[in-house]
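Q: One structure, as structure tokens, below. Some questions next.
The values are calculated or read from the model by the stated rules, or taken from the named source; none is laboratory data. Small disclaimer: the values here were computed from a predicted structure and weren't measured. For neighbour counting, all protein chains shown are included, and Cβ atoms are generated from backbone atoms with ideal geometry for every residue, glycine included. Note: areas computed on protein heavy atoms with side chains; ligands, DNA, RNA excluded. Shrake-Rupley method; radii C 1.70, N 1.55, O 1.52, S 1.80 Å.
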Amino acid sequence: MYEHLRYYGVSERVINAMNMVDRKLFVPEEFAESAYLDVPLPIGHGQTISAPHMVGIMCQKLELSEGQKVLEIGTGSGYNAAVLSVLVGQTGKVYTVEIVPELAEKAIERFKLLGIENVYVFVGDGKEGLPAFAPYDRIVATCYAKRIPPPLIEQLSEGGILLIPVGNEYAQTLKKVVKTNAGIEEFSITSVRFVPMV
Ligand code: SAH
């Protein structure tokens, strides 16, 4: 169902990972019929599950491989974290921070149900990152920030990649930050529309 994502430059590896996670299990029952459409959907608390093409593009730009340690800001439904967990494999770990406790609980239930054991959910403010388990090979925010929160850059390992939408309510750019031993490189990927990091 995600074959069209190849036109966005999404690889077979990422498409296969997405096909292994049933998006229907991550949306409220009243939207079950729309679960396989390439659109964002409401998940309650004013939040949305991202459109599949956005999940694909972000997973692609993260250049994920087996065994990596990933931090996600904005667990939401847990769908993106579940796809990340497939891409880092059994030897990898996904830490995910959600500010709405009810969404975090629901996501934890879904991971249990699906037997996903390498995703660790935390309730908190993602602007602080998750220092306890830093550094991370990859960090991805699924909500936009006005400015890149410095802790996210601090908690990135050398050679690490951070993806984060930056902007305001009207216009946001997906930024890619690469941390090297020489410093920080920043790239703009594409215009995006996300909910705010509160
Ligand atoms: N990755 C999610 C999409 C979530 S939408 C999915 O696959 O479904 C963005 C999420 O970020 C929302 O659930 C919202 O509650 C959360 N969020 C907003 N501000 C946050 C913050 N400061 N820290 C952590 N999570 C935050």
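Q: Keeping all protein chains in place, calculate the accessible area per residue for segment 3-192 (probe 1.4 angstrom), answer in Å².
A: Heavy-atom accessible area per residue stands at 47 Å².
Q: Quote the Stokes-Einstein diffusion coefficient, in whole µm² s⁻¹, for segment 1-89, based on the Kirkwood radius over alpha carbon pairs, a temperature of 4 °C and a viscosity of 1.567 mPa s.
A: Taking Rh from Cα pairs, D becomes 98 µm²/s.
Q: Can you list which of the trypsin sites (Lys or Arg not before Pro) found in segment 86-171 are DSSP loop residues with at most 15 other C-beta atoms within 10 Å?
A: Answer in residue order: LYS146, ARG147.
Q: Also, I was wondering about something else. Under the rule a/c < 1.5 gives rounded, and otherwise a/b versus b/c splits prolate from oblate, where does segment 107-198 land using the Cα gyration tensor?
A: Since a/c reaches 1.5 but b/c is at least a/b, the shape of segment 107-198 is classed as oblate.
Q: Compute the acute angle (0 to 90°) between the alpha-carbon long axis of helix 101-113 and the principal axis of greatest extent of the alpha-carbon atoms of the chain; round to the nearest 10°.
A: With rounding to tens, the tilt is 70 degrees.
Q: Roughly what % of DSSP beta bridges within the chain run antiparallel, to the nearest 5?
A: Approximately 50 percent, going by the DSSP bridge assignments.
Q: Tell me what the chain gives for mean residue ellipticity at 222 nm when only DSSP H runs of n ≥ 4 count, each as -39,500 (n - 2.57), the sum divided by the residue total, rounded to 500 deg cm²/dmol.
A: About -6500 deg cm²/dmol.
Q: For segment 3-192, which whole-number percentage of the solvent-accessible area (1.4 Å probe, protein heavy atoms only) is attributable to carbon and sulfur atoms?
A: That share works out to 52 percent.
Q: Separate question: What do you reckon, how do VAL21, VAL198 stack up by accessible area (1.4 Å probe), largest on top?
A: VAL198, VAL21
Q: OK, next. Express in whole angstrom the spacing between the alpha-carbon centres of segment 101-143 and segment 8-41.
A: What the calculation gives is 19 Å, centre to centre.
Q: Looking at segment 64-164, which chymotrypsin sites (Phe, Trp or Tyr not before Pro) are in a loop (DSSP not H, G, I, E or B) and have at most 10 other Cβ atoms within 10 Å?
A: Of the chymotrypsin sites (Phe, Trp or Tyr not before Pro), not one in the loops of segment 64-164 has a Cβ with at most 10 other Cβ atoms within 10 Å.
Q: Taking only C-alpha pairs under 8 Å that are 6+ residues apart, what is the relative contact order of the chain in percent?
A: After rounding, I find 15 percent.
Q: If you take every DSSP beta bridge whose two residues both sit in segment 1-114, what share of them, in percent to the nearest 5, is antiparallel?
A: So the antiparallel bridges in segment 1-114 amount to around 40 percent.
Q: Still on this structure, please answer the following. Please grab the % of Cα pairs in segment 85-126 that end up more than 11 Å from each other.
A: 62 percent
Q: With the crude spin-label approximation of a point 7 Å out along Cα→Cβ, what separation in nm comes out for PHE31 versus TYR8?
A: Those two pseudo-labels are separated by 1.5 nm.
Q: Sticking with this structure for a sec: What is the percent of Cα-Cα separations in segment 3-192 that go past 30 Å?
A: Counting every Cα pair in segment 3-192, those more than 30 Å apart make up 11 percent.
Q: Excluding GLY160 itself, calculate the net charge of residues whose Cβ lies under 9 Å from the Cβ of GLY160, where each Lys or Arg counts +1 and each Asp or Glu counts -1.
A: It works out to a net charge of 0.
Q: Looking only at GluC sites (Glu not before Pro) in DSSP loops with at most 16 other Cβ atoms within 10 Å, what is the longest site-free stretch of the chain?
A: 1-62
Q: Between ASP38 and ALA182, what is the FRET efficiency for a Förster distance of 45 Å, r being their Cβ-Cβ separation, to the nearest 0.05?
A: Step by step, r from the Cβ atoms, then E = 0.70.
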